[in-house]
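Structure record follows, encoded as structure tokens.
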Amino acid sequence: MKNLIMIIGAAVWIGAAVWFFGGLITETPYAECGSTSMAYAMSQTPVSEALRSPSTADFPRITASGVSVISDGACLYTVTAYVDAQNGFGATVRTPYTAKLVAELGGAGWAVLEVNMD
């Protein structure tokens, strides 16, 4: 009986050590890449700059229908959203867009790789 208790105790300690140290070993530096909300915010600058009337740009909240921010887990984000802004005639039009951005490790900055506006 005493040996069984010792074996169970050792198994618990080994399991706890594997769980704790295994989490440290498998943790990647990509956890410091930024967030989906920051990627969404950073996508708005190049989109605004491409508009006819940038000062009229109205972006939806990140939680709005039609807004999606997907991370590949390695600092690359794909933002799919839309912007409402005035065109050359003063009419407000909705323009969908997709932007691909990459975050530098440690929050050092963002780079816009591609912006497609339909």
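Here, each number is a calculation from the coordinates, and none is a lab measurement. Values in this document were obtained by computation on a predicted structure and should not be read as measured data. Virtual Cβ from ideal backbone geometry, glycine too; neighbours counted across all protein chains shown.
Structure summary
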quantity	calculated
20 Å cut-off, amide nitrogen to a point 7 angstrom out along S68 Cα→Cβ, residues in segment 39-53	39-44, 47
Built amide H within the under 5 Å cut-off of Y82, gap 5+	Y97
Two-site label geometry, N87 and R61: point separation in nm, points 7 Å out along Cα→Cβ	2.9
